[in-house]
């Protein structure tokens, strides 16, 4: 690292950016997750759910927390990058003596913080209503940080690639949303036919949701320890990809 | 490179060698451009729109990749030692853009941090004062006028105390009074040892401020010299005088005036002057010849073309009549 203070400054800038508009970036996503929780709980409340080892309300909460974390981590880095490109302020980062690794690290770390704050706000609102056992708090943190890092790096790559806000919306609506909704947030994969269960196991977001749920509730559909290594590898791979793209100036420099 | 070689090379703030930029659409924005900017100089980089000035500055700023060529910055290879060079370079880009989430004071603190420098609050305050932004320091940047934003760009480029500052049209949209104060400040910065590379369309300001000049035309360098040398070489000088009586055609055709190519201008006559090998103008000879033909003049003045005339001639845009 050649400019750690510059990297820290960029991280703080990115955190301050979303804190400046906290109604939009923290409160609204937390409220959306709460609405999902209430609507799904009451809409599905009457159905028997023999496969679930805990009540549906409790089952939903950690998955929704992880979904909120993933979507907001992605939104943080992607929106910051595309806004910077559209407004022309990204040139100040290109001009600054920051290495590509420092830029990516700062963006990804800020995305992780945004994801943690949103998911934390959602879980905090549930404190009077649900008791979570938190049998593996460090595992919960690991999944949360890995999820935030994967989505932060992915958002940065999407932001670097995009030319317009529409391009980022394309990735959000056709990649991030379907993969997070089909990650076992609202149901247990044990209740699915074998083919769908296999497809879910191939979705990395499923392992993030399932692993986080295991760390919070102690119940899981897949092996939560097995999921960590490939997720860490995915985070590393995406970090390196974002780093190489920034270093090459792809879609950033003429 | 040895230390001795580096010390010698450091006399130049910038050495641009054979710099070429061809954009993907085939446009050759820079074509084999080479020149040097002496350290401590106030250097004007001039050219009509589309001449390649902004492309050159963007390459220095690492916003555009060169196709070919090299740049040495304070004796170091700009493309290989980017981080070292960037820490010592401040750039005012032509386009005004600010993060809409922050105030001018925030912008300066953040920029300082991005350059690895902990914000120096006294220096930030001084920049805000000198650039007349202090009253607006804690407003959102969206609330600033165009001129204020451009001054904020200048403050942003100076906040990490760079050794070389590149100003791409820094006074566009800034009113005359503020422009003058901005230039006074830049002169002070320059006198303190900072090299300044400036592009501007205000050629009279460039002539007044800058000690060196380079002129680009369609991506090619057409001149790069100390301002004084360029003006001495290329700016034509004239002796204008108004004789007491009416000027007759026969007088203008007098053989004694022939080498001064006399012509009628603004109710008088204009005699073209030349320089001897030591650079001195033949004003005395022209005067004596005019007195011999017309008698003592009632009014007289030596006129020299300014940078704008030279610029227009070098960029093939015609000239103005003196």
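The values are calculated or read from the model by the stated rules, or taken from the named source; none is laboratory data. The shown structure was predicted, so the numbers you read here are calculated from the model rather than taken from an experiment. Note that we place each Cβ from the backbone using ideal geometry, even for glycine, and neighbour counts take in every protein chain shown.
Quick look at the values:
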{"item": "Number of the exception - residue B:97 against (1) at pLDDT 95 or above; (2) on the phi < 0 side of the Ramachandran plot; (3) not in a helix (DSSP H, G or I)", "result": "(1)"}
{"item": "Only listed residue being in contact with a strand residue (DSSP E or B) (Cβ under 9 Å, 6 or more places away or on another chain) and farther than 18 Å from residue B:94 by Cβ, chosen from B:177, B:207", "result": "B:207"}
{"item": "Residue within the range A:111-131 that is within 14 Å of chain B (Cβ to nearest Cβ), within 30 Å of residue B:65 (Cα to Cα) and at pLDDT 95 or above present", "result": "no"}
{"item": "Filtered residue count, the range A:135-188, keeping only those that are over 17 Å from the mean Cα position of the chain (by Cα), closer than 18 Å to residue A:87 by Cα and free of Cβ contacts under 8 Å to residues at least 60 places away in the same chain", "result": "1"}
{"item": "Test set (1) free of Cβ contacts under 8 Å to residues at least 40 places away in the same chain; (2) within 14 Å of another protein chain (Cβ to nearest Cβ) - residue B:117 fails condition number", "result": "(1)"}
{"item": "Every residue from the range A:77-94 that is within 10 Å of chain B (Cβ to nearest Cβ) and buried (at least 24 other Cβ atoms within 10 Å of the Cβ)", "result": "A:80"}
{"item": "Strands (runs of 3 or more DSSP E) (entirely within the range B:232-322) containing at least 2 residues that are within 30 Å of residue B:216 (Cβ to Cβ)", "result": "B:237-242, B:268-273, B:299-304"}
